[in-house]
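One structure is given below, encoded as structure tokens.
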Amino acid sequence: MNLPGKLPQILRTTLLGPPGASQAFDFSLTAPQTEVAVWLHGVGAPRDVTGCHSVACPVPFMVCVGWEEPEPELPSHNHRASLRFYERRGEKRLLGEIKLQQQSVVLTSGPRLHLYKATGCTNFYLPRLRRWARSLYAARERWKNRGSGRMEVSSLDSRCNEAIFSCPRPVVLVSTLEGDRSNLFPMNLMGPVGREYFAFALNSKNHAAPLVDQIARLAVSTVPFEKADQVRQLAKNHHVSSVDWSQLPFDTHLSRTLLIPVPEFALTVREMKIEHSYPLGSHTFFVARVVDRTLYTDAPEFHRIHGLYAGSRNA
Ligand SMILES: Cc1cc2nc3c(=O)[nH]c(=O)nc-3n(C[C@H](O)[C@H](O)[C@H](O)COP(=O)(O)O)c2cc1C
């Protein structure tokens, strides 16, 4: 074995993590996931928000937390809070914390939606040395890419992405159709934010975001893990303004209420109408009311976590 030749690779893996660890890790899980709990701290008593929060924008990193019940008295407008991520099993490790500052409140006929911007983030599931090494490495990469025209992702935004994806998140297929305009694409920056409300984020530069905004009606299908390859391949549709449904590698049928084509392998279909949309940064944040939900088959779903957390789970 040529140890000196392999030294840079060994050093890199020790400091930054195994190659490919920055990518997403896909797996199958029964929904709703029970592996990681998400708690909001700083607004009254700590509150389990696992089932009522969503990413609102990745750059700058923003989250939305829904309050169905009356809120406690808020410390102030623009108050500070934090999201904490805990493993539910074993040692119940604190995996990470995102520090937040409230930006605004979106009123709906159901929950009040609090929009928070990240002000700090620590991923405790990574050893301290690796956290520092990754920050230094990210700073070096940003310096190398300066002036390249690529979207600048701050170290804070990257760390928030690593934290939010310590909680397994389903990957769904979104379909929308009106006249000769339609689309079908995968999405995972999303979540329920109330009993009948759902929120999600779409890259404002891609075609999918303005199309969803204009049509304002969509069907969100959860999918079995066995279809993960087909689902990932539809990512290119984020860049198109219409799809040819006859070219899809699977059949579709119409959703029950809004009559939007959904994949024949959909497990659950939520049909929604957009009520609000806000350009926040890299992404447009959408708030939709769920008008119907159909359960076709109860089976494990395609989920995603961050590769770094996947590595720490298996360590
Ligand atoms: C599983 C999966 C989930 C995705 N979820 C989202 C999403 O929630 N919001 C979004 O704007 N784009 C989403 N995308 C699109 C990607 O961010 C990206 O735009 C797309 O894969 C095209 O890649 P490119 O922009 O590098 O060509 C998703 C893609 C995949 C494969």
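The values are calculated or read from the model by the stated rules, or taken from the named source; none is laboratory data. As the structure is a prediction and not an experimental result, all values here were calculated from the model. Here Cβ is always computed from backbone atoms with ideal geometry, including for glycine, and neighbour counts include all displayed protein chains. Accessible surface areas use protein heavy atoms only, side chains included; no ligands, DNA or RNA. Shrake-Rupley method; radii C 1.70, N 1.55, O 1.52, S 1.80 Å.
Taken together, the residues in the range 122-164 that are surrounded by 15 or more Cβ atoms within 10 Å (Cβ to Cβ), aliphatic (A, V, I, L, M) and assigned to a loop (DSSP other than H, G, I, E, B) amount to 2.
Looking only at residues in the range 58-70 that are in contact with a helix residue (DSSP H, G or I) (Cβ under 9 Å, 6 or more places away or on another chain) and not in a strand (DSSP E or B), which one is least open to solvent (accessible area, probe 1.4 Å)? My answer is V59.
On the given criteria, is P46 under 22 Å from L113 (Cβ atoms), out of contact with any helix residue (DSSP H, G or I) (no Cβ under 9 Å at 6 or more places or on another chain) and either touching a residue at least 60 places away in the same chain (Cβ under 8 Å) or in a strand (DSSP E or B) (or both)?
yes
Checked against the criterion of being aliphatic (A, V, I, L, M), more than 18 Å from A199 (Cβ to Cβ) and open to solvent by 50 Å² or more (accessible area, probe 1.4 Å), the range 26-36 has no qualifying residue. Where strands (runs of 3 or more DSSP E) fall entirely within the range 237-315, those with at least 3 residues that are aliphatic (A, V, I, L, M) and at pLDDT 95 or above are at 268-279, 283-295.
One line per residue, one yes/no per condition, for (1) surrounded by 13 or more Cβ atoms within 10 Å (Cβ to Cβ); (2) modelled with pLDDT under 95; (3) within 16 Å of the ligand (Cβ to nearest atom):
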residue	(1), (2), (3)
M1	no, yes, no
T14	yes, yes, no
P72	no, yes, no
P75	yes, yes, no
E97	yes, no, no
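Annotation: of all residues in the range 99-121 being closer than 13 Å to W67 by Cα and open to solvent by less than 10 Å² (accessible area, probe 1.4 Å), the one that is nearest to the chain's Cα centre (by Cα) is L115. Answer yes or no: is there a residue in the range 156-170 that is within 15 Å of the ligand (Cβ to nearest atom), more than 30 Å from D244 (Cβ to Cβ) and hydroxyl-bearing (S, T, Y). Yes, some residue in the range 156-170 is within 15 Å of the ligand (Cβ to nearest atom), more than 30 Å from D244 (Cβ to Cβ) and hydroxyl-bearing (S, T, Y). One residue stands out among those in the range 234-259 that are over 17 Å from A219 (Cβ atoms) and among the polar types (S, T, N, Q): the one that is nearest to the ligand (Cβ to nearest atom), which is S241. Answer yes if at least one residue in the range 239-254 is open to solvent by less than 40 Å² (accessible area, probe 1.4 Å) and within 21 Å of C167 (Cβ to Cβ), and no otherwise. No: the range 239-254 contains no residue that is open to solvent by less than 40 Å² (accessible area, probe 1.4 Å) and within 21 Å of C167 (Cβ to Cβ).
So how many residues does the range 175-214 have that are open to solvent by less than 40 Å² (accessible area, probe 1.4 Å) and either assigned to a strand (DSSP E or B) or within 16 Å of the ligand (Cβ to nearest atom) (or both)?
Summing the residues that are open to solvent by less than 40 Å² (accessible area, probe 1.4 Å) and either assigned to a strand (DSSP E or B) or within 16 Å of the ligand (Cβ to nearest atom) (or both) in the range 175-214 gives 24.
With respect to the conditions (1) surrounded by 15 or more Cβ atoms within 10 Å (Cβ to Cβ); (2) modelled with pLDDT of 85 or more, S22 lacks only one, and its number is (2).
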